[in-house]
Structure formats: structure tokens, C-alpha cells
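Participant: Here's a structure for you.
Bear in mind these aren't lab numbers, they're just calculated from the coordinates by the rules spelled out. Only a predicted model underlies this, so the values are computations on that prediction, with no experimental measurement involved. Positions of Cβ are backbone-derived with ideal geometry, glycine not excepted, and every protein chain shown enters the neighbour counts.
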Amino acid sequence: MLVQSTLEEKKGATMTNITVRIDDNIKRDAEALFDKLGMSMSGAINVFFRQAIREQAIPFQISMHTPKEKYDEYFNPHNMKILKESMEQAKAGQIVIKTLTELEEMAND
């Protein structure tokens, strides 16, 4: 990250420009997201910096695990085992097709 010496006054605070090198695709995707959220890239970076300063930490967890692996209870080992078994049964043609009405009737019996 290169901090340039360009300074300007904005709402009583001295502002500076920061130049960051980033992959074109990441920049494009981030700009599209921030646009949908109604903010600029600069605004999003300012939000990140302010939150980091407030928390005195990176404002999100940095981990080797993907969020689904670590936090999404749906993907726990028990459910993954059942899902894998169900997929194997479907591939083998061992499926039962029921309408929602039929399932509701079975639940009421």
C-alpha cells in the first residue's frame, strides 16, 4: 500500500489518498457490490478502517476454514453423512416421489 502525499480538507479533517494494487476482477466485483449497497469503493474502505480502529482488530475472522465449514450447522458431519447417503440412493435410482399433499397426509397419520 502506498500512501500518497496528496492532502485535502474535508469537513474539518485532513484527507489523504491511498493507492492500492488489486486484481481487476476483485475490484470490479467489489465496485458492483458496493454500488448495490449504495456506497463507493472509498466509502467501503473508510467503513472498514473505522470498524478496525473501533474494534482494534480486523473486523472479521481470518481463517483457513470456509464459513460453511466452520459456522454453518447444516454442514455438520451428521448432516453431511445423511446427504451423501441420500445422493448415493438417488444415483442408484432408489428414490420415492411424493407430492406435498401426500407428505402432509403421511405426517398426519
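Participant: Which of the peptides 15-28, 42-55 is most tightly packed, and how do the rest follow, judged by the mean count of other Cβ atoms within 10 Å per residue? Please report the intermediate quantities before stating the final value.
Facilitator: Values: 15-28: 9.9, 42-55: 12.2.
Top to bottom by mean Cβ count within 10 Å: 42-55, 15-28.
Participant: Tell me which residues come under 5 Å, amide H to amide H, from MET39 once H is placed; ignore anything under 5 positions away on its chain.
Facilitator: Correct list: empty.
Participant: Through the Karplus equation 6.51 cos²θ - 1.76 cosθ + 1.60, θ set to phi - 60°, convert the phi angles of the range 13-20 into ³J(HN,Hα) values in whole Hz; use x for Gly and Pro.
Facilitator: 10, 7, 9, 10, 9, 10, 9, 10
Participant: Something else: Seen from all sides and averaged, what is the projected area of the convex hull of the Cα atoms in the range 67-108, in nm²?
Facilitator: Average of the hull's projected areas for the range 67-108 equals 4.3 nm².
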